[in-house]
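Have a look at the structure below before the remarks.
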Amino acid sequence: MPDYLPIFPLKLVAFPGEALNLHIFEPRYRQLVHDIKNNGGRFGIGIYLDSLVSTGTEVELIEINKTYDDGRMDIKTVGKRVFEILTFDNPSEGKLYAGGKVQFLDNDPRVAKNVYDEFLFYLKELFRLMNQNVELNATEVDSFTFAHKIGLKIEEEYELLQLKREEDRMKYLIQHLMRVISVLREVELAKLKIKMNGHYKNLDPLDL
């Protein structure tokens, strides 16, 4: 049976396992936070591109970190499961905020070792070229771990979220990483050429 979730449309993609901090200021979403705090603690992040798209992420309210005098709140959440929106009510009956029936999507976590190793290789190379000292613990890294930090457009993040197999997600990211790394290497080469400009050059004579 489909589940019914409060839906919070945002122009961002929330990934499973991601810690997401939100500043809540609109009355309808303040009501949403109070309701889920009292009745279950989970709601859906609906992704708004040009319009609300069909796939979103369930998030769990971890805590209300701060409540301001005017009712605004800072909350901490964590991404849980990916869902497909089946119906959308805006607003939900008797509420200020939207809601809808959702179907949670299956996820296949299996990934071949060679695909996983290739993914880690390109991820490390990207961070090296960006001079980012990022510790990659191979037991903790999955396709979502650094997805917000590798230059994906929001449309690409959404495409990644829709993939139901971890191996497919890693292959998708490998292709992206290869493109980005190619550009970064060209930039690195250009910097070296610029540094050489103005220096004496030792050139081999041409045998014409």
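Overview of results
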| quantity | calculated |
| --- | --- |
| In degrees, nearest ten, helix 27-39 long axis to first principal axis of the chain (Cα) | 80 degrees |
| Expected 222 nm ellipticity per residue - DSSP helices of 4 or more, -39500 (n - 2.57), all of the chain, to 500 | -11500 deg cm²/dmol |
| Which listed pairs, of Lys66/Lys95; Lys76/Lys149; Lys11/Lys113, have C-alpha distances above 31 Å, in listed order | Lys11/Lys113 |
| For the range 33-89, the spread of Cα positions along each principal axis, largest first, Å | 35, 23, 19 |
| For the range 112-192, the Rg and Dmax computed from alpha carbons only, in angstrom | 12.8, 42 |
| Cut-off 19 Å (backbone N to label point 7 Å along Cα→Cβ of Asn39), residues of the range 77-96 | 86-96 |
| Placed amide H near Glu18: partners under 5 Å, 5+ positions off or other chain | Gly79 |
| Cα point-scatterer Debye curve for the range 1-116, base-10 log of I(q)/I(0) at q = 0.17, 0.20, 0.24 Å⁻¹ | -0.82, -1.10, -1.51 |
| Linear extension gain, Gln31 paired with Lys113, 0.36 nm per residue minus alpha-carbon span | 24.9 nm |
| Phi to ³J(HN,Hα) by Karplus 6.51 cos²θ - 1.76 cosθ + 1.60 over the range 14-25, Hz, x for Gly, Pro | 9, 9, x, x, 7, 7, 10, 9, 10, 9, 9, 10 |
| The range 2-43 - Rg and Dmax from Cα coordinates, angstrom | 11.0, 30 |
| Approximate spin-label separation Thr87-Met178, in nm, with each point projected 7 Å along Cα-to-Cβ | 4.5 nm |
| Dimensions (Å) - the range 97-139, Cα atoms, principal axes, largest first | 43, 30, 15 |
| Translational diffusion coefficient (Stokes-Einstein; Kirkwood radius from C-alpha pairs) of the chain at 25 °C, 0.890 mPa s, in µm²/s | 124 µm²/s |
| FRET efficiency for Val187 and Asp106, using Cβ-Cβ distance with R0 set to 30 Å, rounded to 0.05 | 0.15 |
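The numbers here are math on the coordinates, done by the rules we state, and not lab data. A quick note: this is a predicted structure, and the numbers were derived from the prediction, not measured. Note that each Cβ is placed from the backbone with ideal geometry, even for glycine, and that neighbours are counted across all protein chains shown.
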